[in-house]
Every structure is written in C-alpha cells, then in structure tokens.
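Q: Please find one structure pasted underneath; my questions will follow.
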Amino acid sequence: MIRTALAADVNAIAALHVRARATYYEGRVPEETYRGDRAVERAREAWSRAVARVAAEGEVLCAERDGEVTGVAAFRTADGETTLTQLHVDPGHWRRGTGAALHAACLDAWRRAGIERVRLEVFEHNHRAQAFYAAHGWSPEPSAARSGSHLTLWLRVPPASGE
C-alpha cells in the first residue's frame with residue numbers, strides 16, 4: 001500500500017533511509033556520513049521537515065507492507081521546478097515492486113498537480129538506482145552540468161494511460 005507519510009512514520013523512514021544509503025555509499029564516502037546514531041538523527045530531522053511541508057510544496061509517500069514502512073519517496077516543488085528528492089526502498093524489500101509502486105504514485109501526484117517535468121540527482125556510483133530510473137523514463141540532459149558526485153536526470157511526466 002502507498003500512502004502519505006505521517007509524523008509517526010519519521011523514525012521508521014529515517015532508519016530505512018540510513019540502511020538504503022549504506023548500500024551505495026559504503027566504501028565511497030566516509031562512513032560517519034551515512035552510518036551510526038548521528039546519521040539517523042540527521043535523517044530524522046530532514047524527514048521531519050519533509051513530512052511537515054504543506055502539500056503545495058511537495059509530498060512524502062510511504063510504501064507499507066504488513067504494518068512496516070518498506071519504502072519512501074519525497075518530492076518538492078520550489079521556484080517552479082519539481083525535484084524527486086528521495087526514493088528509497090528498504091534493502092530487505094528490493095525487487096518486490098515497491099520502488100515501481102512509489103514511482104507510479106509520484107507520477108499520479110505530479111499529473112494531478114499539472115507538473116510536466118521533474119528532476120532528480122542520483123549518486124554517480126549508485127548503478128542500481130540509475131538502472132531503475134532509466135527503466136522508468138528518466139534521462140540525463142546532455143547540456144546539464146554535474147552536481148558534484150551526482151548525476152542529474154530529468155523526466156517528462158507522461159500522460160496517464162488512456163489519455
């Protein structure tokens with residue numbers, strides 16, 4: 001089930017976020033940036049702010065299975081540009097359709113809001129995520145500058161099927 005995240009979900013989301021990031025940051029960035037109590041606290045603070053945002057500024061969606069948060073996606077619109085800021089699936093739930101369901105829910109939300117184009121940044125070494133995004137229609141803009149160790153991808157929001 002995909003639903004809007006609640007303040008009560010923040011601890012589970014933060015822990016999931018830290019577990020997911022460890023899978024692609026390990027051996028590439030300093031461990032203190034993605035593991036341990038301080039990393040969980042930073043994630044908790046960021047997710048608390050995201051969940052508290054007003055709907056016009058973005059949304060946080062949770063995937064839930066048997067009462068457990070198994071994935072999370074967040075997007076934000078600022079200055080006329082919408083960014084998919086986060087999409088994480090708990091590593092124990094990979095390859096079960098959770099990411100695809102979250103992505104589809106984001107697409108639905110963007111269509112309802114009249115959003116036609118969305119951007120995201122993906123860690124250059126996170127090949128799993130890059131393959132996921134490519135399979136869902138995201139692509140780099142050749143003229144776009146890199147953002148440090150991240151690649152910028154864009155998606156033209158397709159019309160709903162049947163339109």
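Q: Given the structure, is LEU102 modelled with pLDDT of 95 or more, surrounded by 14 or more Cβ atoms within 10 Å (Cβ to Cβ), not in a strand (DSSP E or B) and not acidic (Asp, Glu)?
A: For LEU102, the condition - modelled with pLDDT of 95 or more, surrounded by 14 or more Cβ atoms within 10 Å (Cβ to Cβ), not in a strand (DSSP E or B) and not acidic (Asp, Glu) - is met.
Q: A further question follows. Looking at ALA129, is it outside any helix (DSSP H, G or I) and either farther than 18 Å from THR77 by Cα or modelled with pLDDT of 95 or more (or both)?
A: When the stated conditions are applied, ALA129 does not pass them.
Q: Criterion first (closer than 24 Å to ARG65 by Cβ, in contact (Cβ under 8 Å) with a residue 60 or more places away in the chain and part of a helix (DSSP H, G or I)) does ALA109 satisfy it?
A: When the stated conditions are applied, ALA109 does not pass them.
Q: Give me the pairs: first residue in region 71-86 and over 18 Å from ASN126 (Cα atoms) and in contact (Cβ under 8 Å) with a residue 40 or more places away in the chain, second residue among the small types (Gly, Ala, Ser) and part of a strand (DSSP E or B), beta-carbon distance under 6 Å, and six or more apart or on different chains, which are they?
A: PHE75/GLY58
Q: Turning to a different aspect of this structure: So is GLU141 at pLDDT below 95, closer than 12 Å to LEU87 by Cβ and either acidic (Asp, Glu) or in contact with a Cys (Cβ under 9 Å, 6 or more places away or on another chain) (or both) or not?
A: no
Q: Just to be sure before I move on: is HIS136 touching a residue at least 12 places away in the same chain (Cβ under 8 Å) and either at positive phi or surrounded by 18 or more Cβ atoms within 10 Å (Cβ to Cβ) (or both) in the structure I sent?
A: So HIS136 fails the test.
Q: Within region 87-98, can you find the residues that are under 9 Å from the mean Cα position of the chain (by Cα) and without any contact (Cβ under 8 Å) to a residue 60 or more places away in the chain?
A: Answer for region 87-98, where residues must be under 9 Å from the mean Cα position of the chain (by Cα) and without any contact (Cβ under 8 Å) to a residue 60 or more places away in the chain: just LEU87.
Q: Among the candidates ARG156, ARG76, ARG146, which residue alone is over 16 Å from the mean Cα position of the chain (by Cα), at pLDDT 95 or above and of a type in the set (Lys, Arg)?
A: ARG156
The values are calculated or read from the model by the stated rules, or taken from the named source; none is laboratory data. All of these numbers come straight from a predicted model, not from anything done at the bench. No Cβ is skipped: glycine too gets one built from the backbone with ideal geometry, and neighbour counts run over all protein chains shown.
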